[in-house]
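Visitor: Handing you a structure now.
The values are calculated or read from the model by the stated rules, or taken from the named source; none is laboratory data. Keep in mind that what you see is a predicted model, and the values were worked out from it rather than measured. Glycine gets a Cβ as well: all are built from the backbone with ideal geometry, and neighbour counts include every protein chain shown. Heavy atoms of the whole protein, side chains included, go into the accessibility calculation; ligands, DNA and RNA do not. Shrake-Rupley method; radii C 1.70, N 1.55, O 1.52, S 1.80 Å.
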Amino acid sequence: MDRTLPGRPADSEDLEDKHSHYREIVFAGSSTGFLCRWTHRVGGGAQRVIPDNHADFIVSSTGRSWLVGPATTVDLPALSPGTVLHGARIHTAALRSVTGVAGSELRDTAMAVDDLLPGRVARALVGSLGAGEFDELTAHSLWPCLTVDPRVEKAVELLTAATTTVDTVADRVALTPRHLRRLVEQETGLTPKTLQVVGRLQRAVRLARRAPDATLSMVAVAAGYADQAHLSRDTRRMTGLTPGSLLG
């Protein structure tokens, strides 16, 4: 059976079964450019990771270290049971600031940490992540001058938290819709439309977890879909699963 990892919980907790283990420690605020540190011990069966509007630095117990860029479709990584992954999730609006690369170049791709970051930063990041010691102080020390465009941060919040139009968001952050689209894609790697689509899917996942007895039509409406058919189309396109398989 698949091990489906639809984003991650918004708090620190263990997600355990007899096959796998997942834990994350959430950072306070977004000033570090990172949202959390996480650890995942791979269980049996296929791994399925669905889009969540984020990019992650990952260090594996096999010795590999890489950045996974923001995804627009499901990923089915080939990972051996027992492999331990240590990750640091980058704030959506901070991707370019952290990596120094336009976000659009990192979308739907993976890149070795050594090829992306300066040597000293790469070594310190990999070492602290692999030891389970990466935290807010470490992030501040490695990126002491990191700044996130407040317009992009606000736009990401609005686009992913509720159903709204790109034009409305542009007005809220005092940009033209065209400028907003260009700026958001450059900084986050994703278009405003994709941020909305993925944000809506993640809302559906969270709602289904909190209310396991809710029907799919109830989840669809509460998450901001036009109807259950809309939820079904997006779920199949973004995850390769039916809503019943993903949310059930």
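Visitor: Looking only at region 201-223, which residues are assigned to a helix (DSSP H, G or I), open to solvent by 30 Å² or more (accessible area, probe 1.4 Å) and either under 17 Å from residue 166 (Cβ atoms) or among the β-branched types (Val, Ile, Thr) (or both)?
Guide: Listed by number, the list holds a single entry, 221.
Visitor: Looking for something closer than 22 Å to residue 27 by Cα, of a type in the set (S, T, N, Q) and at pLDDT 95 or above - is there at least one such residue anywhere in region 103-117?
Guide: No, the conditions are met nowhere in region 103-117.
Visitor: Residue 88: out of contact with any Ser or Thr (no Cβ under 6 Å at 6 or more places or on another chain), assigned to a helix (DSSP H, G or I) and open to solvent by less than 10 Å² (accessible area, probe 1.4 Å), yes or no?
Guide: No; evaluated as a whole, the condition is false for this residue.
Visitor: With respect to residue 182, is the statement that it is open to solvent by 10 Å² or more (accessible area, probe 1.4 Å), in contact with a Phe, Trp or Tyr (Cβ under 7 Å, 6 or more places away or on another chain) and within 21 Å of residue 155 (Cα to Cα) true?
Guide: no
Visitor: Right, next: Kindly provide the set of residues from region 115-137 that are within 14 Å of residue 98 (Cα to Cα) and open to solvent by less than 30 Å² (accessible area, probe 1.4 Å), ordered by number.
Guide: Hits for region 115-137 are 116, 117, 121, 122, 125.
Visitor: Further question on the same structure: Using the structure shown, decide if residue 133 is in a loop (DSSP other than H, G, I, E, B), under 21 Å from the mean Cα position of the chain (by Cα) and under 21 Å from residue 121 (Cα atoms).
Guide: Yes.
Conditions (1) open to solvent by 50 Å² or more (accessible area, probe 1.4 Å); (2) out of contact with any Phe, Trp or Tyr (no Cβ under 7 Å at 6 or more places or on another chain); (3) at pLDDT 95 or above, marked per residue:
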{"site": "19", "(1), (2), (3)": "yes, yes, no"}
{"site": "36", "(1), (2), (3)": "no, no, yes"}
{"site": "47", "(1), (2), (3)": "no, yes, no"}
{"site": "69", "(1), (2), (3)": "no, yes, yes"}
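Visitor: Given the criterion out of contact with any Ser or Thr (no Cβ under 7 Å at 6 or more places or on another chain) and without any contact (Cβ under 8 Å) to a residue 24 or more places away in the chain, identify the matching residue among 81, 118.
Guide: 118
Visitor: Are any residues in region 185-200 under 11 Å from residue 152 (Cα atoms), among the charged types (D, E, K, R) and open to solvent by 30 Å² or more (accessible area, probe 1.4 Å), and if so, which ones?
Guide: Once the filter is applied, which keeps residues that are under 11 Å from residue 152 (Cα atoms), among the charged types (D, E, K, R) and open to solvent by 30 Å² or more (accessible area, probe 1.4 Å), region 185-200 yields only 185.
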